[in-house]
């Protein structure tokens, strides 16, 4: 069974909400599953719930309501007005209205665990880190010294910290969490497989936001290698990377193209190369630029001159992280990092024809190719598919207006900006979502009259959660 991390579970919860599966529904399902596990293991009728003020406690509040044949006492650590989420608060209020035995605990002496037959530990979920202190630490000590059987909710409270509940069993939700040992029951809470397949806001959340304390360069330095026969494509990628949060973007382009690109925006740093196309003679300049940047995105507008292909073959092995698009997608080049082909380009690099297949039919060959080559592939289409050879994700944002030229260049720039601060798979997944969402924001106003620069201007709005 695949293990899911705390941040991945948070992202999945966010995606469920994005697709309309509300947190209150998931909490109800989790609490009901917890109650079933308790009923199967309880010896005696008296149950004590020791709950924190977060969603972990909320799951236990639901379970208390489902334990109809038991005498349940709920101990809340702290004041009810400080319950942190609307879902947990609502389930606490239900228990209040129905007259359950609810006790507010401000000191561990308020816990009376000696008369119960079983304890439900719902103090902390997966979000706690560092050192546990104060009332919660006292409560964990009280549970551990009680001598009673303990069932923990999702993870034993304090797992990975200085204070941890010694649970006899743990009911964890949806999938196993990291480093879990002992008797772990994995409970289905109604999260459909499709919620893990389709991309949503949770995937954008995983990319993170710029810290208030960040300095110039901390959010990524991007080098765009493009231009020659065409000048607009690398400029679109560069501007998209800036709008997606990169701090510094440099465009390295052949001489004639560089001068045109410089006129597009004063926000771009332009490194002028020699000649009218990329060639091996540019390597001394490019090696220095590659070393100064976190991600290199290449291919947009380069053309396919033999000298350009020779230069790309030297460039790719030098890069720590790469996003490869357009003319750089060639079967004889040492592709690495993230590649962003459409179906025609995918056939060129893989020999596999996908044009006549729907997105479901494309999943298997895409996954196999990504696995064989050790790449993350972002396959552009009506439904974008993203795979690292192990996982396949599908993005449904976007619209027919985005068939206009340049939107793929925009996607490459967004991908590079995200790749500077996350893994390749997460970057490509979130970039597909944001690019399509930006296009969806343009579509009601511009319809089929949208252009790539319209999409760029909507990137910051598309990134809001």
*Set 283, 309: member being touching a helix residue (DSSP H, G or I) at 6+ places or on another chain (Cβ under 7 Å) and assigned to a helix (DSSP H, G or I)*: 283
*For residue 362, indicate whether it is over 25 Å from the mean Cα position of the chain (by Cα) and part of a helix (DSSP H, G or I).*
no
*asked:* Considering only residues that are buried (at least 23 other Cβ atoms within 10 Å of the Cβ) and either free of Cβ contacts under 8 Å to residues at least 12 places away in the same chain or more than 12 Å from residue 342 (Cα to Cα) (or both), which ones fall in the range 373-391?
replied: 376, 387
*Out of the residues in the range 159-189 that are surrounded by fewer than 16 Cβ atoms within 10 Å (Cβ to Cβ) and farther than 25 Å from residue 148 by Cβ, which is farthest from the chain's Cα centre (by Cα)?*
188
*Pick from the range 239-271 the residues that are part of a loop (DSSP other than H, G, I, E, B) and in contact with a strand residue (DSSP E or B) (Cβ under 6 Å, 6 or more places away or on another chain): which of them is modelled with the lowest pLDDT?*
268
*Qualifying position, being in a helix (DSSP H, G or I), in the same structural domain as residue 186 (by TED's automatic domain parsing) and either in contact with a helix residue (DSSP H, G or I) (Cβ under 8 Å, 6 or more places away or on another chain) or under 22 Å from residue 133 (Cα atoms) (or both), among 63, 40, 84*: 63
*Qualifying residue in the range 202-215 (condition: in a helix (DSSP H, G or I), modelled with pLDDT of 95 or more and surrounded by fewer than 16 Cβ atoms within 10 Å (Cβ to Cβ))*: no
_Verdict on residue 407 being without any contact (Cβ under 8 Å) to a residue 60 or more places away in the chain, closer than 29 Å to residue 320 by Cα and crowded, with 23+ Cβ neighbours inside 10 Å_ = yes
*How about the range 394-444: which of its residues are in contact with a strand residue (DSSP E or B) (Cβ under 7 Å, 6 or more places away or on another chain) and outside any helix (DSSP H, G or I)?*
394, 395, 396, 420
*Keeping to the range 97-134, report how many residues are in a loop (DSSP other than H, G, I, E, B), in contact with a strand residue (DSSP E or B) (Cβ under 7 Å, 6 or more places away or on another chain) and in contact (Cβ under 8 Å) with a residue 60 or more places away in the chain.*
6
*Considering 236, 278, 223, which residue is in the same structural domain as residue 321 (by TED's automatic domain parsing), over 18 Å from the mean Cα position of the chain (by Cα), buried (at least 24 other Cβ atoms within 10 Å of the Cβ) and assigned to a loop (DSSP other than H, G, I, E, B)?*
278
_On the basis of being surrounded by fewer than 20 Cβ atoms within 10 Å (Cβ to Cβ) and touching a strand residue (DSSP E or B) at 6+ places or on another chain (Cβ under 7 Å), does residue 79 make the cut?_
yes
*Close pairs (6 angstrom Cβ cut-off, 6 or more residues apart or separate chains): free of Cβ contacts under 8 Å to residues at least 24 places away in the same chain in the range 292-303, in a loop (DSSP other than H, G, I, E, B) anywhere*: none
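The values are calculated or read from the model by the stated rules, or taken from the named source; none is laboratory data. Small disclaimer: the values here were computed from a predicted structure and weren't measured. Cβ: placed from backbone, ideal geometry, glycine included. Neighbour counts: every protein chain shown.
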